[in-house]
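These notes concern the structure reproduced below.
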Amino acid sequence: MGLCKACVQVFMAADQAVRSVIFEMLKRLGFEVTTAGCGASALEHATHQSFDLVFLDLAMPNMSGIEVFSSRKQIKPESRGIFMTDYSKDEFGDLLADNEDTTSVWPKPLPMQELKLSVEAMLSR
């Protein structure tokens, strides 16, 4: 049975430029997407709403993507996340080591094909 993309709820928090591009990419892939622009808003959405997958920028105003994801995992341990960053993956690898099976880290901007494969891989876990 295939993945019902329209049934998948995706949350994404990043700066405006990245948010608009990734939002459009996810919509083109057929996903329902909710967005936020800062860590505080991301925390509110991520901990109070049901999402199948969260996309978080590692460096956001008010709160990092890691802090948002950690708070979400306390409430929803089954959470899966994809992190985006301008920094090298090596700089954040240790911070995400505890969540290797439920997270991945990608450089910004994320090419459409890699985005699609990453989302599909994360949702199949």
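The values are calculated or read from the model by the stated rules, or taken from the named source; none is laboratory data. What you see is a predicted model, and the numbers here were worked out from it, not measured in a lab. Note that each Cβ is placed from the backbone with ideal geometry, even for glycine, and that neighbours are counted across all protein chains shown.
Of note:
- Filtering the range 39-58 to residues that are buried (at least 17 other Cβ atoms within 10 Å of the Cβ) and either free of Cβ contacts under 8 Å to residues at least 40 places away in the same chain or of a type in the set (K, R) (or both) leaves G39, S41, A42, L43, H45, A46.
Okay, residues lined up against (1) within 18 Å of V105 (Cβ to Cβ); (2) part of a helix (DSSP H, G or I):
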| position | (1), (2) |
| --- | --- |
| V18 | yes, yes |
| A42 | yes, yes |
| T47 | no, yes |
| S50 | no, no |
| L56 | yes, no |
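- Put simply, of S118, S70, S41, S124 the only residue that is closer than 17 Å to Q16 by Cα and either modelled with pLDDT of 80 or more or of a type in the set (A, V, I, L, M, F, W, C) (or both) is S41.
Okay, residues lined up against (1) among the charged types (D, E, K, R); (2) touching a strand residue (DSSP E or B) at 6+ places or on another chain (Cβ under 6 Å):
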| residue | (1), (2) |
| --- | --- |
| V18 | no, no |
| E24 | yes, no |
| E32 | yes, yes |
| C38 | no, no |
| T47 | no, no |
| F51 | no, yes |
| D57 | yes, yes |
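- Residue among P77, P111 that alone is of a type outside the set (K, R) and modelled with pLDDT of 85 or more: P77
- Residue-level check: of (1) of a type in the set (S, T, N, Q); (2) surrounded by 19 or more Cβ atoms within 10 Å (Cβ to Cβ); (3) farther than 19 Å from S104 by Cα, S64 misses just (3).
- Cross-chain or 6+ apart pairs with Cβ under 7 Å, the range 18-30 first and surrounded by 12 or more Cβ atoms within 10 Å (Cβ to Cβ), then of a type in the set (K, R) and at pLDDT below 90: V18/K108; L29/K5; L29/K116; G30/K5
- In the range 80-108, of all residues being within 12 Å of the chain's Cα centre (by Cα) and either at pLDDT 85 or above or assigned to a helix (DSSP H, G or I) (or both), the one that is surrounded by the fewest Cβ atoms within 10 Å (Cβ to Cβ) corresponds to R80.
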